[in-house]
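Working notes, structure below.
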Amino acid sequence: MRRVLIALAGLLVLAPMSSAAESPAKAFTIADVGTATGLVPGGTVIRKVRVTNPGNQDILLTRLDTSVGRPSPNCPANAVTVAPLATQIVIARNNYADVPLTVRMAASAPDGCRNLTFPLTYSGTAIKP
Amino acid sequence: MRKRTAVIAAVAVVAVGGGVAYAAWSSIGSGSGTVTSTTSADSVITPVSGAGLYPGATVDVVVSFDNPNSYPVKVTSIANGSSNVNGGCAAGTVTTTSTGTDFTPVIAAGGHQQYTLKAKMNADAAEACKSITFTVPLNAQLVSAAS
């Protein structure tokens, strides 16, 4: 009897691994929606991004971080910051969701930060809802 | 003894199976974008009122700052001013000073705001300085007051 139980347990452990290998989660994409302009010292603007889920399963977006590039040596690296994802969001399969990100320019940003376009690099993580 | 073995095996299956499913379904995403800062426009200072100067006297002078920007600004300093030459009245006959460092309130986007300065005429001002209008170039520093 004990031998039967152990064999059964082995089969059950293997079952989820086999299923996951058949349906690997696809990477999702993050891209700008429209333009985000008018950033001034001490102010904020909303950078709306579209998170697209190309997979056949719903995903739960749990993290979305943004790194800000430095378009000019006269503008400090920390002059502009983007807040991380505030609320986790479910994105349906083969669908997308628009996510607002808050971009802030430091009040101390010097004149060298005027009229610049800051490159943003997005990275995120999602899990099965 | 047989019953106890069966329970332990079942618990182990649930725990291991759940862990594998979670890891397999995580995914990552990436992308790139931009955000743009705006430029700034200089404010213009215009005289509003100020009269009654005579040698040695100090009077209030009211000036108005405009804000052509799409965001609020605040004045952080107004440099001391000195009058231009005017006919026989020498340059520097009238000087202006700001009344302090409290330049409130902020100037709204597209708005304007008045501030009061002190203007003083030199005690040895010439006769040619009677009944004339003095031009005093002013320079000020303003910064964003956005929040």
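Worth pointing out:
- Contact order normalised by residue count of segment A:26-127, Cα under 8 Å, 6+ apart, percent: 38 percent
- Ranked A:L60, A:L39, B:L142, criterion: other C-beta atoms within 10 Å, fewest first: A:L60, B:L142, A:L39
- Placing unit charges on the Cβ atoms only, positive for Lys and Arg and negative for Asp and Glu, gives segment B:45-144 a dipole magnitude near 40 debye about its Cα centre.
- Residue-by-residue Karplus 3J(HN,Hα) for segment B:37-42, coefficients 6.51, -1.76, 1.60, Hz, glycine and proline x: 8, 8, 9, 10, 10, 6
- Percentage relative contact order, segment B:71-126, counting C-alpha pairs under 8 Å, at least six apart: 40 percent
- Cross-link reach list, aspartates and glutamates versus A:K48, counting only Cα pairs under 14 Å and skipping chain neighbours closer than eight places: A:D32, A:D65, A:D98
- Proximal lysines relative to B:K118, as straight alpha-carbon distance under 26 Å, when same-chain residues fewer than 8 apart are discounted: B:K74, B:K130
Values quoted throughout were computed directly from the atomic coordinates according to the rules given, and no laboratory measurement underlies them. In this text, all values refer to a predicted model and were calculated from it rather than measured experimentally. As a convention, Cβ positions derive from the backbone with ideal geometry for all residues, glycine included, and neighbour counts pool all protein chains shown.
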